[in-house]
Amino acid sequence: MTVKTTLSFTDRHHQFLSAKVEQGVFATQSAAVAAALEQMIRDEQERDVALAALAQEIRARMETPREEFTDQDDAFAAAHRTIGTARGA
């Protein structure tokens with residue numbers, strides 16, 4: 001279904017839309033706006049998935065017993081060795 005609406009743009013945005021239509025990137029200004037909205041929808045969905053995954057990982061780590069924690073010196077030992085090698089130490 002298509003809904004007709006009225007939108008207002010700054011001169012900058014209008015010029016950009018018009019240029020993209022003239023370049024053949026989009027058939028119409030409406031098509032360009034629709035593409036931008038679709039990208040915003042995808043971005044929001046991806047952000048929601050990433051946040052859900054992060055929340056799940058945090059919950060899983062909170063359930064990890066303290067005796068299974070990795071000591072910070074052990075966790076970063078390889079990085080420290082690499083930095084030391086790069087510095088010629």
message: Just to be sure I understand, if you calculate percent of Cα pairs over 21 Å apart for this structure, which of [x] 25; [y] 19; [z] 65 do you get?
response: [z]
Coil-residue trypsin sites (Lys or Arg not before Pro) of the chain, DSSP, other Cβ within 10 Å capped at 13: K4, R87
task: Hand me the chymotrypsin sites (Phe, Trp or Tyr not before Pro) from the range 18-89 located in a DSSP loop with no more than 16 other Cβ atoms within 10 Å, in residue order please.
output: F69, F76
query: What dipole magnitude, in Debye to the nearest 20, does the chain give about its Cα centre under +1 on Lys/Arg Cβ and -1 on Asp/Glu Cβ?
result: 420 debye
Once the Cα gyration tensor of the range 9-56 is diagonalised, semi-axes √(5λ) in Å: 31, 11, 7
query: So for the chain, taking the charge dipole from beta-carbon charges (+1 Lys/Arg, -1 Asp/Glu), which of A86, Q45, Q72 sits furthest toward the positive end?
result: Q45
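Any read-out appearing in this document is the output of simple, stated calculations on the displayed coordinates, not a laboratory observation. As the structure is a computational prediction, the values presented were derived from the model and not from experiment. Positions of Cβ are backbone-derived with ideal geometry, glycine not excepted, and every protein chain shown enters the neighbour counts.
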